[in-house]
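K.L.:
For reference, the structure I am asking about is given below.
Each value in this text was obtained by applying a stated rule to the coordinates, not by laboratory testing. Owing to the predicted nature of the structure, the values given are computational and were not obtained by experimental measurement. Counting neighbours? That spans all protein chains shown, and the Cβs are built from the backbone with ideal geometry, glycine included.
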Amino acid sequence: MKIPFSPPFINDSVVQEVLDSLNSGWITTGPKVSRLENRMAHWIDVEKALCLNSASAGMQLMLEWFGVGPGDEVIIPAYTYASTATAVLHCGAIPVMVDAEPNSFELSIKNVEKAIGPKTKAIIPVDIGGWPCDYDELFQLVNREDLRKLFTPQHLHQEKLGRILIMADAAHSIGSKYKGQAVGKLADLTIISLHAVKNITSAEGGVVLFNLPAPFQNEEEYRKNKIISQNGHSKNVHEKALNDGWRYDIIALGKKINMTDLGAAIALAQLDQWDEMQGRRIEIFHQYSHALKAIDGIRLPHFSDDVRQGNGHLFMIQLLNTSIEKRDQLISEMKDLGIALNVHFVSLPQFTYFQSLGYLPEDFPNAVQLSNSEISLPIYPQLTDEQVHFLLKSLNFVLSKLELG
């Protein structure tokens, strides 16, 4: 039996929505992108949502909007995907990596506090696996009087905010909640990914959710960044057609990072089926949890507690008291049985590029330990009960064989 790690959810409804785009003549940014932006904003209950070609582009766009540049520092977890750091580097700024707490995939607020300095302009918390960070603690931190006094604004937007920006890397956490509020309403800005393996996809894509406090006007900041995302054009192709005029102006230094209607069509069709898709994903999450809870050699992920509810994006297992070689052997033997496992993530200091910048694994021992001991099981709506049963039976067999459980 073959079980891939994370194939996209494509059914007839998705195909028909994409065909509707193809037949309409609008395949680049057009009416479906507008529909998706409106639906996302309404669903999350924020004023505006901006659809782009990736979450990575969204993070860089909004850091630049905030005036982050050379010499500035942005605090990020060492345990995250590379784009959290590269978005900062593309701005010319310095990623200040903080180590995780022992045996915890969550952002360490204690380590964030230690890392804040006069050059700190932003913090990028990451909701690993769809599990929300402690946003209240983050905001209590950046609103503390001594840290507000330490903040040194060097841009109009920094002066308006008057403190460190909280920009959530919520690539994993669409649909997750913290204290009853949806991810997207928790940070100043939230970036969601619609990449092919996410709970909702547009093949490639990302969404910026605007939740800026007064005196910012989220509608205005959305409009400005929409223009930048479309090469600085005063109006896009769809707007030209609606207004029956070809003439436009270039009014900003822009980027080419807009989402297409073809991509938006996939996401719209999946949003229509969210309850069904998400219900099955959560059902599988609980099946895994129930079947594996008695195994001593592993630590299972959380789904909910008193204040947080995840979205089942990943089922991340931490193997206890073992080596990276044994972990990799488990992945290899499961592959031989037809089951694809994955690792989320290799910590940033373990990569050659980041080591060349001076980030060393020995400075982030907890992140490295998490990286070397983590495996992710397949979890997506198309998995059948038969496949789940086969996977669990196979995993138990391999864990026993390698003396890991």
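K.L.:
If I model a spin label as a point 7 Å beyond the Cα along the Cα-Cβ vector, how far apart are those points for His389 and Glu220 in nm?
P.N.:
Here the modelled spin labels are 6.2 nm apart.
K.L.:
Here's something else I'd like to know. Mind ordering 257-266, 82-91, 336-345 by average Cβ neighbours within 10 Å, highest first?
P.N.:
Going by the mean number of other Cβ atoms within 10 Å, highest first, we get 257-266, 82-91, 336-345.
K.L.:
OK, next. Taking 0.36 nm per residue of sequence separation and subtracting the Cα-Cα distance, how much length would be gained by fully extending the chain between Phe5 and Asp305, in nm to one decimal? Intermediate values should be presented prior to the final figure.
P.N.:
Numbers: separation 300, 0.36 × 300 = 108.00 nm, distance 2.69 nm.
Stretched fully, the Phe5-Asp305 segment lengthens by 105.3 nm.
K.L.:
Can you compute the helix-only [θ] at 222 nm over the chain? Use -39500 (n - 2.57) per DSSP H run of at least 4 residues, normalise by all residues, nearest 500 deg cm²/dmol.
P.N.:
Computed ellipticity for the chain at 222 nm equals -12500 deg cm²/dmol.
K.L.:
Separate question: Please find, in a Gaussian network model of the chain (springs between Cα atoms separated by less than 10 Å), the residue of Glu37, Glu362, Glu374 whose mean-square fluctuation is greatest.
P.N.:
So, out of Glu37, Glu362, Glu374, the one fluctuating most is Glu362.
K.L.:
With helices defined as uninterrupted DSSP H runs, which ones in the chain have an alpha carbon span along their own long axis of at least 30 Å and mean Kyte-Doolittle hydropathy of at least 1.6?
P.N.:
Span-like helices in the chain: none at all.
K.L.:
Related question: Applying the Karplus parametrisation 6.51 cos²θ - 1.76 cosθ + 1.60 with θ = phi - 60° to the phi angles of the range 105-113, what ³J(HN,Hα) value in whole Hz is obtained for each residue in order, glycine and proline being reported as x?
P.N.:
For the range 105-113, the Karplus-derived couplings read 7, 7, 5, 7, 5, 4, 6, 4, 4 Hz, x marking Gly and Pro.
K.L.:
As a test of understanding, state the convex hull volume per residue of the range 274-401 from its alpha carbons, in Å³.
P.N.:
146 Å³
K.L.:
Taking 7 Å along the Cα-to-C-beta vector as the label spot, tell me the Glu145-Val197 distance in nanometres, rounded to one decimal.
P.N.:
4.7 nm
K.L.:
Non-local amide H neighbours of Lys235 (under 5 Å, H modeled in plane, Pro and chain starts lacking H): which ones?
P.N.:
Correct list: Asp249.
K.L.:
Where both residues lie in the chain, what percent of DSSP beta bridges are antiparallel, nearest 5?
P.N.:
Here the antiparallel bridges make up roughly 60 percent for the chain.
K.L.:
Quick one: if the Förster radius is 56 Å, what FRET efficiency do Thr152 and Lys326 give, using the C-beta to C-beta distance and rounding to 0.05?
P.N.:
0.70
K.L.:
Continuing with this model, one more query. Among 159-167, 38-46, how do they line up from the highest to the lowest mean number of other beta-carbon atoms within 10 Å?
P.N.:
159-167, 38-46
K.L.:
Which cross-chain or sequence-distant (5 or more) residues have an amide H under 5 Å from the amide H of Thr28, H modelled 1.01 Å from N in plane?
P.N.:
Amide H neighbours of Thr28, under 5 Å, 5+ apart: Asp261.
K.L.:
Could I ask something else about it? Based on the Cα gyration tensor of the chain, what are the three equivalent ellipsoid semi-axes, each the root of five times an eigenvalue, rounded to whole Å and given largest first?
P.N.:
Sorted largest first and rounded, they come to 35, 29, 18 Å.
K.L.:
On to the next question. Rounded to two decimal places and with Rh computed the Kirkwood way over Cα pairs, what is Rg over Rh for the range 104-152?
P.N.:
0.98
K.L.:
In addition: Label points 7 Å out from Cα along the Cβ direction at Asp12 and Glu101: separation in nm?
P.N.:
A separation of 4.9 nm, rounded to one decimal place.
K.L.:
How large is the direction-averaged shadow of the alpha-carbon convex hull of the range 223-315, in nm²?
P.N.:
Dividing the Cα hull surface by four gives the mean projection, 10.3 nm².
K.L.:
Let me ask something else about it. Test of understanding: ordering Lys255, Lys335, Lys326 by Cβ neighbours within 10 Å, fewest first, what list do you get?
P.N.:
Listing Lys255, Lys335, Lys326 from fewest to most nearby Cβ atoms yields Lys335, Lys326, Lys255.
K.L.:
What is the log10 of I(q)/I(0) for the range 128-276, computed with the Debye formula using one identical point scatterer on each Cα and no solvent, at q = 0.17, 0.19 Å⁻¹?
P.N.:
Relative scattering, expressed as log10 I(q)/I(0), comes to -1.13, -1.26.
K.L.:
Here is a follow-up. Per 0.36 nm of contour for each residue apart, how much would the distance between Lys401 and Asn342 grow if the chain were fully extended, relative to their Cα-Cα spacing?
P.N.:
Between Lys401 and Asn342, full extension yields 19.3 nm more.
K.L.:
Step by step: find N for the range 37-177, compute 2.2 N^0.38 Å, then divide the Cα radius of gyration by it. What's the final number?
P.N.:
Normalised by 2.2 N^0.38 Å, the Cα Rg of the range 37-177 equals 1.01.
K.L.:
Within the set Lys179/Lys224; Lys114/Lys224; Lys121/Lys185; Lys293/Lys393; Lys114/Lys255, which residue pairs have Cα atoms separated by over 25 Å?
P.N.:
On the way: Lys179/Lys224 31 Å; Lys114/Lys224 35 Å; Lys121/Lys185 20 Å; Lys293/Lys393 14 Å; Lys114/Lys255 35 Å.
Cα-Cα > 25 Å for Lys179/Lys224; Lys114/Lys224; Lys114/Lys255; rest within.
K.L.:
Pairs of alpha-carbon atoms within less than 8 angstrom and 6+ residues apart define the contacts here; what relative contact order does the chain have, in percent?
P.N.:
22 percent
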